[in-house]
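Below you'll find the structure, written out as structure tokens, and then a few comments.
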Amino acid sequence: MNILFVYNKKAGKRFEPSVVNEISEVIPDSEDFTFVDIHDLGNTTIEPFDTLVAIGGDGTVNTVAELAAANHKTLGIIPKGSGDGLARFLGIPRHTFRALEIILYGKKEKIDSAEVSGKFFINVAGAGFEAEVAHRFGSEGIRGLRGYAKTIFESFSKQGEKEVTLTINEKKTRLLFFSLSIANGAQWGNNFEIASKADIQDGLIDVAVMKKPKWYQIMGLLSYLKSKNQSNNSLFTYYKASEIDIKRSGKKWHLDGEPIIFKNKKTIKVNSNSLEVHLPK
């Protein structure tokens with residue numbers, strides 16, 4: 001293989017520059033490889049490489065995955081972020097050498113990607129509370145699980161419910177939501193799952209519509225998100241579709257945890273088998 005490793009110094013709570021040296025020291029001599037900072041990726045010629053490896057969190061994976069899909073390259077992941085939702089969902093370990101072994105000796109499979117109004121995402125997109133957290137998290141530069149927790153609790157009391165309109169299979173549904181998750185993969189990160197039935201190879205997207213929980217329901221909600229058994233209940237309503245139109249969700253969204261502003265109606269589409277990925281055997 002000819003591998004391009006894309007690292008992000010700002011990923012997670014603290015980037016470990018030694019990861020570049022660690023990989024360089026153990027990778028077999030038979031492999032050709034190059035390292036590039038994600039901020040210099042725009043000046044890098046992609047064509048010679050077979051595999052593009054994201055070293056970082058979900059935002060880094062999003063950038064590298066989009067580039068891999070567009071150029072018919074294989075995606076590899078070495079998780080170094082705060083949540084690493086996609087890597088955890090795909091069973092890719094956070095240990096550098098074990099993740100590298102998957103790239104070198106694992107299997108390759110095609111998975112789905114998705115888009116919101118033409119903007120690529122690979123794991124989870126969303127609006128409402130989770131988008132508010134992503135926007136605050138990004139603007140305030142907080143990293144790590146404690147940073148997430150602090151931002152979440154500060155945002156919770158300020159975010160209310162609003163009505164959203166979903167058009168699924170030409171049927172319109174109006175309902176209140178506090179947080180709206182569009183899940184290609186199953187989890188937000190840190191093993192908190194939002195849609196345990198999500199299958200990243202089924203050509204469908206899972207939609208999780210969450211009402212605002214009461215304070216006394218929060219501990220139960222945390223257990224629910226760790227349960228790997230999500231289904232319709234008093235707080236959550238789930239849908240599956242290959243294409244969804246969404247109105248009145250608000251302008252603030254996130255794509256794989258990265259904040260973004262959308263205006264007007266949002267159209268969600270799945271691109272089936274659009275990305276090849278290195279996965280555990």
Hey, does the stretch 15-27 have a residue that's over 30 Å from Asp202 (Cα atoms) and among the hydroxyl-bearing types (Ser, Thr, Tyr)?
yes
Screening Ser179, Ser196 for residues that are under 25 Å from Val61 (Cα atoms), without any contact (Cβ under 8 Å) to a residue 60 or more places away in the chain, in contact with a helix residue (DSSP H, G or I) (Cβ under 9 Å, 6 or more places away or on another chain) and in the same structural domain as Ala134 (by TED's automatic domain parsing) leaves only Ser179
Residues of the stretch 205-216 being closer than 16 Å to Phe177 by Cα and either touching a residue at least 12 places away in the same chain (Cβ under 8 Å) or assigned to a helix (DSSP H, G or I) (or both), which ones?
Asp206, Val207, Ala208, Val209, Met210, Lys211, Lys212, Pro213
Being over 19 Å from the mean Cα position of the chain (by Cα) and in a helix (DSSP H, G or I) is the filter here; which residues of the stretch 223-264 pass it?
Ser223, Tyr224
With criteria (1) within 19 Å of Asn123 (Cα to Cα); (2) part of a loop (DSSP other than H, G, I, E, B); (3) among the hydroxyl-bearing types (Ser, Thr, Tyr), Ser274 comes up short on (2)
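To keep it simple, each residue is scored yes or no on (1) loosely packed, with under 14 Cβ neighbours inside 10 Å; (2) of a type in the set (Ser, Thr, Tyr).
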{"residue": "Gly220", "(1), (2)": "yes, no"}
{"residue": "Tyr224", "(1), (2)": "no, yes"}
{"residue": "Asn233", "(1), (2)": "yes, no"}
{"residue": "Lys252", "(1), (2)": "no, no"}
Among the residues of the stretch 102-122, how many are closer than 20 Å to Tyr7 by Cα and surrounded by fewer than 16 Cβ atoms within 10 Å (Cβ to Cβ)?
0
Among the residues listed as Phe137, Phe156, Phe236, the single one being farther than 28 Å from Lys110 by Cβ and at pLDDT 95 or above:
Phe236
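The values are calculated or read from the model by the stated rules, or taken from the named source; none is laboratory data. What you are looking at is a predicted structure, and each value in this text was computed from that prediction instead of being measured. Glycine also receives a Cβ, built like all others from the backbone with ideal geometry; neighbour counts cover every protein chain displayed.
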